[in-house]
Structure formats: C-alpha cells, structure tokens
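Trainee: Below is one structure. I have some questions about it.
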Amino acid sequence: MSLNVNEKEKDDPNYRYKMPKPELEYQGKNQNTYTIIKNMKKFADLFGHPSYCILKNIAGKGSRFDIKNNSIKGTLSYNDVLNRLYDYINHYILCPKCLKPELELKVIKNYLSCECHACSAITKLNHDNKYKKKITKDLIDWINKNGNIKRNINVQVKTNDELSFDDLFE
C-alpha cells in the first residue's frame with residue numbers, strides 16, 4: 001500500500017504522486033529505545049534528497065539520530081513519523097505555488113531556491129525556524145557538493161491489462 005505525497009490529497013485514490021508507507025521497527029528497552037525507519041533509503045531515492053536531512057527532520061529538535069542505522073533515539077509512533085515526514089515534504093518537496101512535487105532545488109547566491117517543473121515558479125526557500133535553517137544549510141552543502149536536486153517522484157500509472165492497443169480503436 002502506498003500513500004499520496006501531498007497530504008492534502010490523501011483521500012484522492014487517483015492522485016498520481018505516490019510514496020511508500022514508513023516501515024518502523026523498535027529496538028531497545030527503557031531509556032535506550034530506538035525507532036528505526038527500515039525504508040529510509042526508499043524515501044531518499046524517491047525524493048532525491050540526502051537521507052540524513054530527511055532523518056534529521058523526522059528526529060526533530062534535540063533528538064539524536066544515527067544515519068548508519070536510520071534510527072532515532074526514543075520511541076516515535078507511526079503517526080509522529082508520518083506527520084514529520086509530511087512536514088519535510090511540505091517544506092522541501094512540494095512547490096509552494098501549485099503543491100506538486102516537481103521541484104528542482106538549486107543554490108543561488110548561497111540561498112536555497114526551487115524551480116517548479118509543473119508551474120515554472122521560481123521561489124527562494126526561506127525559513128524562520130532555527131531548526132529548518134540547519135536542514136536548509138545541510139541541503140545547500142549537499143547541493144554544492146553533488147549538484148542540483150531534481151525531482152525524482154515516480155508517477156504511478158494504472159494500466160488495464162485486458163485492453164490492447166487495437167481494442168482502443170475498434
């Protein structure tokens with residue numbers, strides 16, 4: 001089962017931008033519990049973003065995380081992880097104008113800006129939140145090292161196997 005990338009379109013079964021559900025595992029006892037996101041690499045590949053930025057956003061302020069194990073110190077519920085993932089998506093994946101996940105993140109004059117391939121809007125990403133500024137700085141450093149982050153959301157098209165090409169024109 002998959003989820004829609006845009007949280008506001010979660011009830012639309014025909015929404016074409018999909019992502020997998022987070023797969024969580026819990027390890028440890030008492031004070032040493034960890035929440036492990038088993039499919040973090042899928043999210044990083046799907047969004048085209050470094051996994052440590054996504055994991056840092058999900059971990060939140062003051063929480064420790066380990067990028068090697070994709071783990072966060074403490075026990076986070078499925079809804080907490082999903083809400084924090086959608087928070088990251090709303091800030092760095094969806095276009096602020098048209099809300100489509102068609103962004104290409106670029107660094108222009110040491111600022112993170114995005115160009116939407118759906119509506120052609122160019123927007124400077126500016127965050128007042130101190131924690132979001134740290135994630136934005138990490139993304140800027142990653143882009144300077146590896147190049148622009150281009151959209152990588154796979155569009156899932158449902159096909160009908162019963163119809164052939166010739167059946168469409170009869």
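Trainee: Points 7 angstrom from Cα along the Cβ direction at Lys42 and Lys61: gap in nanometres?
Mentor: Distance between label points: 3.2 nm.
Trainee: Lone cysteines in the chain, defined as no other cysteine's Cβ under 4.7 Å from theirs: which are they?
Mentor: Flagged as lacking a Cys partner: Cys53, Cys114.
Trainee: Taking the Cα-to-Cβ direction at Asn126 and at Tyr78 and moving 7 Å from each Cα, how far apart do the two end points lie in nm?
Mentor: 4.0
Trainee: I'd like the Karplus ³J(HN,Hα) series for region 75-88: coefficients 6.51, -1.76, 1.60, θ = phi - 60°, whole numbers in Hz, and an x wherever there's a Gly or Pro.
Mentor: Values per residue, Gly and Pro as x: 9, 9, 6, 4, 5, 4, 4, 5, 5, 6, 5, 5, 4, 5 Hz.
Trainee: Grab the alpha carbons of the chain, take their convex hull, and tell me the volume per residue in Å³. Walk me through the numbers on the way to the answer.
Mentor: Values: hull volume 25.4 nm³, N = 170.
Residue-normalised Cα hull volume stands at 149 Å³.
Trainee: For every helix of n ≥ 4 consecutive DSSP H residues, a contribution of -39,500 (n - 2.57) applies; sum these over the chain, divide by its total residues, and give [θ] at 222 nm rounded to the nearest 500 deg cm²/dmol.
Mentor: It lands at -9000 deg cm²/dmol.
Trainee: Order the peptides 74-80, 110-116 from the highest to the lowest mean number of other Cβ atoms within 10 Å of their residues.
Mentor: 110-116, 74-80
Trainee: Relative to the present Cα-Cα distance, how much length would full extension add between Asn30 and Lys134 at 0.36 nm per residue of separation? Walk me through the intermediate numbers first.
Mentor: Numbers: separation 104, 0.36 × 104 = 37.44 nm, distance 3.00 nm.
Taking 0.36 nm per residue and subtracting the Cα distance, the gain is 34.4 nm.
Bear in mind these aren't lab numbers, they're just calculated from the coordinates by the rules spelled out. What you see is a predicted model, and the numbers here were worked out from it, not measured in a lab. Reconstructed Cβ throughout: ideal geometry from the backbone, glycine too, with neighbour counts over all protein chains shown.
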